[in-house]
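Only one structure is covered here, and it is reproduced in the block below.
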Amino acid sequence: MRINKYLSECGVCSRREADRLVEKGLVEINGIKAESGAQAEDGDLVTVKGRPVSRKTEKTYLKLYKPRGIVCTSDRREKNNLMDYLKYPERITYAGRLDRDSEGLLILTDDGDLINAMMRAREHHEKEYLVTVDRPIDQAFMERICSGVYLEELDVTTRPCRAEQLSDTKFRIILTQGLNRQIRRMCRACGRSVKTLKRIRVVNIELDGLKSGQCLPLTEEEKKELFRRVQVKRNG
């Protein structure tokens, strides 16, 4: 496989950062400085800054209830960043961020193939949210939300979606796209401001049972169904 993917699967860094390490001449394969696009396989001696690295045989798959105030970033210069909050001993990342003021379910993994599959917008993978707004909502609001909302600042109309009113100011919504701050923008375009936003499901993985800040491994059943739905082949 390409050296940038190999280093990513070793948990060293992202593919983009791996490319930068290669460009700086800090990566060697069997004693030879790696060039961009070089191939590396299990059994090769791969070093980064002189230190040997190897791929993990088992991937990590976690679900986290992200609290409000935590920022989805690996940049440790950012206060309250997710990686410092987790203090996880190995490099993992998230599939689909939540903004600082939102809470709820994050899928965390070191499986780049799974992340790429989950982030492909054309696949229409579902994400479900509970939303509370600052002013009462009605049938007209719900119909507009479901039919698609034009977002002037992004010059795009959101995909039609499913939503259900739960109270005067609360509704459930299921999206199949992930525009930046999409729900907040949709509500603002419809004359409301979001007070609370919680993600309760990503594809088949549900928040149910997790407490704020809690992180648990996905069960074998959850993984198997997730891989099936996003069309990622994995053993086990």
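The values are calculated or read from the model by the stated rules, or taken from the named source; none is laboratory data. Just so you know, these numbers come straight off a predicted model, no measurement behind them. We place every Cβ from the backbone using ideal geometry, glycine too, and count neighbours over all the protein chains shown. Just the protein is used for accessible areas: all its heavy atoms, side chains included, with ligands, DNA and RNA removed. Shrake-Rupley method; radii C 1.70, N 1.55, O 1.52, S 1.80 Å.
CYS146 to GLU58: FRET efficiency via 1/(1 + (r/R0)^6), r the Cβ-Cβ distance, R0 41 Å, to the nearest 0.05? Working from the Cβ atoms, E equals 0.50. Comparing ILE107, ILE137, ILE70 in a Gaussian network model of the chain where C-alpha atoms under 10 Å apart are linked, the largest mean-square fluctuation is found at ILE137. Accessible area per residue for the chain is 56 Å², calculated with a 1.4 Å probe on protein heavy atoms, without ligands, DNA or RNA. Sorting LYS170, LYS63, LYS211 by accessible area puts them as LYS211, LYS170, LYS63; the probe is 1.4 Å, largest comes first, and only protein heavy atoms count.
The distance separating the Cα centre of the stretch 138-186 from that of the stretch 59-98 comes to 26 Å. For the stretch 66-139, carbon and sulfur atoms together expose 43% of the accessible surface, with a 1.4 angstrom probe and every protein chain in place. The alpha-carbon atoms of the chain define a convex hull whose volume equals 144 cubic angstrom per residue. Computed extension length for ARG172-HIS124: 15.5 nm, one decimal, from 0.36 nm per residue of separation with the Cα-Cα distance subtracted.
Legend: helices of the chain (whole DSSP H runs) are marked when their alpha-carbon atoms reach 30 angstrom or more along the helix axis and their mean Kyte-Doolittle hydropathy is at least 1.0; nothing is marked. The distance between label points at ASP99 and ARG188 comes to 0.6 nm (points 7 Å beyond Cα on the Cα→Cβ vector). For the stretch 87-107, there are no residues whose amide N sits under 15 Å from a probe point set 7 Å from the Cα of ARG162 along the beta carbon direction. Pairs spanning more than 18 Å between alpha-carbon atoms, out of LYS170/LYS198; LYS63/LYS198; LYS59/LYS211: LYS59/LYS211. Near the amide H of GLY104, within less than 5 Å, lie the amide hydrogens of LYS66, ARG199, all on another chain or at least 5 residues away, with H placed in the peptide plane. Counted residue by residue at 0.36 nm each, then reduced by the alpha carbon distance between them, the extension gain from ARG77 to ARG51 reaches 6.8 nm.
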